Structures are given as structure tokens and as C-alpha cells.
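Remarks on the structure that follows.
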Amino acid sequence: MNSDTELWSIKSIARFLDHSINYTRNVLVKQPGFPPPRHNEIEINGQLHKSRPRWLNSDVILWAENAYIQSENIAEQPPKKRGRRRAVL
């Protein structure tokens, strides 16, 4: 299969975006503008069932480049000071 038409699972998307599977499933794929999943119809014991969702890798990569990874929109923030000040003796 050509890499342009490869189907990715939640696990593959999580690995690509360097997030946990739970965060990817519960937050990222529900973002507005995230590509819709593809489902296949599978026959099991004479009944039709949907397969688990899969996404085209080219759609996910395009979404990540346009909507998710935009470093110019991320403002530089100074490092946070940790802890409380100690009393000077």
C-alpha cells in the first residue's frame, strides 16, 4: 500500500503526534476540523458491524501541519518560578 493511502488507527495517530492513546481518542480526534474516520462494514455471524475507525495518514498529516502544529502562534512564556521565597537570615 502506498504511504499516501495508509490507514492509521488511534494508536498510530497518537504515536505520530506524541500523545497518549487516551488523549488522542478523547480530545484530538474530536477537535473541529479533524478529518473524519473511515469505517468498513464487516460481517460477523451473518450480521453487519462497523470496523474500528481509521484515518488516512495524509489527512492527519495535513491537519497537523495546518491546525495543530503552528509554532508561530505559540507565544514564548518565561519559565515559572518554583516554590516560595525563603526568608533571608
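The values are calculated or read from the model by the stated rules, or taken from the named source; none is laboratory data. Note that this is a predicted model, so its numbers are computed, not measured. No Cβ is skipped: glycine too gets one built from the backbone with ideal geometry, and neighbour counts run over all protein chains shown.
A single member of Glu65, Glu43, Glu76 is modelled with pLDDT under 95, assigned to a strand (DSSP E or B) and acidic (Asp, Glu), and it is Glu43.
Sub-8 Å Cβ pairs linking a first residue in the stretch 22-50 that is of a type in the set (Gly, Ala, Ser) and surrounded by fewer than 10 Cβ atoms within 10 Å (Cβ to Cβ) to a second residue that is at pLDDT 90 or above and not in a loop (DSSP other than H, G, I, E, B), at least 6 apart or interchain, are Gly33/Trp63, ordered by first then second residue. Report, by residue number, each residue of the stretch 4-21 that is farther than 19 Å from Asn40 by Cβ and free of Cβ contacts under 8 Å to residues at least 24 places away in the same chain. Scanning the stretch 4-21 gives Ala14, Arg15, Asp18, His19, Ser20, Ile21.
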